[in-house]
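Every number in this text was worked out from the coordinates using simple rules, so none of it is lab data. These figures come from a predicted structure and were not determined experimentally.
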Amino acid sequence: MNRLYELLKDHSNISLQALEQHYHTLVNEDDERELGRRLIQARQIKLSGIMEIALKHDLFPKADSLLRRLAEARQRHQVIKPNTHTTRYRITEDNLPVDQIELIDIGVNLPIPTPSLKSFRDTSTDEKQVADMALELAQMNQAQEAEMLMIDALEEFPKSMRIRVLLAWHYCRCQQFKDAITCCQNGLKLNPSVYPLVEYMALAEQALGKHLLAINHFQKLACLPRVKPIWYMQLALSLERARLNMDAKQNYQTFLALNNDPELQQFAQQRSTILAG
């Protein structure tokens, strides 16, 4: 049963014809998320409208009271000064999320990995539910709403590494690299073993041209029991920019031995050949 469909049919201003059209084209008729995504993309309703109806009619019963508290906290944390309006939120409507970091000075685009949240221990059912909602908002490119939910959730769950990792990833996608680094630093002070935070910090440092700092963090990642092949390439990129060419060539070659991405393979092979020459 698609509860979102039933709620929208009874409590929204969406025309029944439009709602039926999107509902009946679902591969899985119970997929509430996909129905919501399609209606938002078709501009039949805003995300805020769906959330309001969902909360009012207990579509998310366990998170209901929490989300209401977060909305109240959001209003309280606006500070107005003469000629300025600042909030604790960083993302504006101009920050369009991307899935790659474009390193213009190097000539390559690197993917921003989506965080895997399965390994994080649940601090509570609400914490996991809010994190899942924030991830969904971000993946729907509702950048401002996602950031607000994540930051507000950190007040409720200050020790949540799951939410900190999500926020660092979100800032990288919105190219707010300084904020991503700050988020990672704050999280690592609480738990130095959360290596996804090290990864996002290294990505952000590399994007800002802080290659010596990025080298330090990619070297830490390369010492883990399970290493992503792309870390060797990212380490090589920063080593090369720091003029440590022999070390860069070695890491390019390690990447080439492990990688299966043809586009990055070609780039790494080119750089390795140039450095060998």
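The calculated P(r) of segment 210-277, using every Cα pair and 5 Å bins from 0, goes 4, 20, 31, 24, 16, 4, 0 in percent. If the segment from Asp247 to Thr114 were pulled out straight at 0.36 nm per residue, it would be longer than the present Cα-Cα gap by 45.0 nm. Annotation: segment 141-262 has a Kirkwood hydrodynamic radius of 15.1 angstrom, from the mean reciprocal C-alpha pair distance.
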